[in-house]
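Enquirer: My structure is below; once you've seen it, I'll send some questions.
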Amino acid sequence: MEEKNSKSKPIIVIKYGGNAMVSENLQRAVLKNICTLKSQGFAVVIVHGGGPFIQEILDQVDIKSEFIHGHRKTTPEALRYVEMALKGRVNGEVVNIINSLGQTAVGLSGRDGKIITAKRYYHEHNDNGNITRMDLGQVGEVSQINPRLIYLLLEQDYIPVITCIAPDKDGNSYNINADLFAGSLAGHLNARVFGVLTDVDGLMKDINNPDSLIREISLQNIKQFIDEGVIKGGMIPKTEACRLAVERGASRATIINGKKPEQILSLMDENQSIGTTIKL
Ligand SMILES: Nc1ncnc2c1ncn2[C@@H]1O[C@H](COP(=O)(O)OP(=O)(O)O)[C@@H](O)[C@H]1O
Ligand SMILES: CC(=O)N[C@@H](CCC(=O)OP(=O)(O)O)C(=O)O
């Protein structure tokens with residue numbers, strides 16, 4: 001069945017981040033165009049984040065959180081609220097909107113059907129040859145993927161909508177950066193396209209100059225841009241996610257502007273002139 005589905009319909013994995021969810025109108029416009037891709041005959045999988053919604057709930061309960069290289073340090077107590085925001089709120093909203101637009105979505109996290117098994121993530125920092133290992137609490141990384149449930153759902157024409165939370169093999173839950181969760185999955189599913197929605201038009205040589213948008217870039221050049229400081233902050237996990245996707249089996253990764261929902265419609269077009277495309 002897995003083979004049949006992956007052969008019959010090209011898979012597109014879309015990373016839908018919190019910045020492209022800033023208003024209900026924008027959410028509907030984004031999801032409407034994702035539904036259009038589905039009705040054009042593509043098998044669509046959505047992995048979502050929801051950073052601003054997590055921040056809102058943590059502020060309400062007065063829990064401080066800090067980001068270390070794109071990962072939110074997460075205590076066991078904070079994790080309960082992260083899950084409330086992501087699975088309790090965002091996931092349900094995304095599923096509701098898709099259903100109201102005429103497609104049928106199924107809301108999941110990594111634990112459903114054992115899709116994702118996580119392991120604890122440690123941030124390693126190299127300071128002149130001295131490697132320090134930072135423990136970020138309940139932050140995880142993808143360790144194993146079991147795509148059976150996703151293939152079953154795609155086969156039956158559903159849109160799986162997956163929250164970036166997953167347990168380790170002993171059942172301890174982890175908060176996983178949504179870009180990295182989505183990139184790992186896109187690679188494993190041999191996605192035709194890994195589409196990453198963010199709040200800028202793509203990778204730029206100079207963030208303050210939209211004309212410096214890079215249309216296509218190799219993994220080699222990405223590494224160089226990170227070393228040179230051209231790629232910074234939240235763009236680092238995003239490009240890392242694109243690397244994971246294309247190295248593990250996706251045909252290409254394209255970073256587009258989720259605040260310009262019309263760009264989604266060009267994602268599957270090989271000759272598209274939107275965003276930044278990353279290939280092996
Ligand atoms: N070279 C670059 N090109 C484009 N954006 C960059 C670059 N380096 C860093 N950025 C920053 O990365 C941000 C996107 O990452 P992030 O804020 O984490 O997005 P999201 O919330 O969509 O996951 C952009 O808004 C931009 O400020
Ligand atoms: C470990 C870690 O950083 N997890 C992220 C998960 C959500 C996310 O990635 O959301 P966006 O895609 O909207 O940024 C977090 O807690 O913010």
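The values are calculated or read from the model by the stated rules, or taken from the named source; none is laboratory data. Remember, predicted model here, so these are calculated numbers, not experimental data. Cβ placement follows ideal geometry from the backbone for every residue including glycine, while neighbour counts extend to all protein chains displayed. Please note that ligands, DNA and RNA were not included when accessible areas were found on the heavy atoms of the full protein model with its side chains. Shrake-Rupley method; radii C 1.70, N 1.55, O 1.52, S 1.80 Å.
Enquirer: Ignoring ligands and nucleic acids, what accessible area does S8 show with a 1.4 Å probe (Å², nearest 10)?
Expert: 80 Å²
Enquirer: Can you give the relative contact order of segment 122-280 as a percent, counting alpha carbon pairs under 8 Å and 6+ residues apart?
Expert: Value for segment 122-280: 24 percent.
Enquirer: Hey, another quick one. Determine ³J(HN,Hα), in whole Hz, for all residues of segment 105-112 in sequence, where each value follows from phi through the Karplus function 6.51 cos²θ - 1.76 cosθ + 1.60 and θ = phi - 60°; x replaces Gly and Pro.
Expert: The phi angles translate into 10, 10, x, 9, 10, x, 6, 5 Hz.
Enquirer: May I pose another question? From the helices alone, meaning DSSP H stretches of at least four residues, give me the mean residue ellipticity at 222 nm for the chain, per-run term -39500 (n - 2.57), in deg cm²/dmol to the nearest 500.
Expert: That calculation yields -10000 deg cm²/dmol at 222 nm.
Enquirer: Another question, if that's okay. I'd like the accessible area for H69: 1.4 Å probe, protein heavy atoms, all chains in place, Å² to the nearest 10.
Expert: The value for H69 is about 120 Å².
Enquirer: For segment 12-268, report the % of Cα-Cα distances exceeding 22 Å.
Expert: Distances greater than 22 Å cover 53 percent of the Cα pairs.
Enquirer: Dipole size in debye (nearest 20) for segment 144-202 around its Cα centre, Lys and Arg Cβ +1, Asp and Glu Cβ -1?
Expert: 220 debye
Enquirer: Let me ask another. How high is the relative contact order of segment 12-268? Use alpha-carbon pairs under 8 Å, at least six apart in sequence, and give a whole percent.
Expert: After rounding, I find 24 percent.
Enquirer: Quick one, what does Rg over Rh come out to for segment 225-267 if you take C-alpha atoms and the Kirkwood Rh?
Expert: 1.03
Enquirer: Another question, if that's okay. DSSP beta bridges in the chain, what fraction antiparallel, as a percent rounded to 5?
Expert: 40 percent
Enquirer: Additional query: How would F181, F225 rank on accessible area, largest to smallest, probe 1.4 Å?
Expert: Result of the area sort, largest leading: F225, F181.
Enquirer: Are any of the pairs K169/K238; K238/K279; K223/K279; K32/K73 more than 24 Å apart by Cα-Cα distance, and if so, which?
Expert: Too far apart for the 24 Å limit: K169/K238; K32/K73.
Enquirer: What's the carbon and sulfur percent of segment 68-210's accessible surface, probe 1.4 angstrom, rounded to a whole number?
Expert: 42 percent
Enquirer: With a probe of 1.4 Å, find how much accessible area the chain has per residue, and write the answer as a whole number in Å².
Expert: 46 Å²
Enquirer: When only the heavy atoms of the protein chains count and the probe is 1.4 Å, how do F67, F53, F194 rank by accessible area, highest first?
Expert: Sorted descending by solvent-accessible area, the residues read F67, F53, F194.
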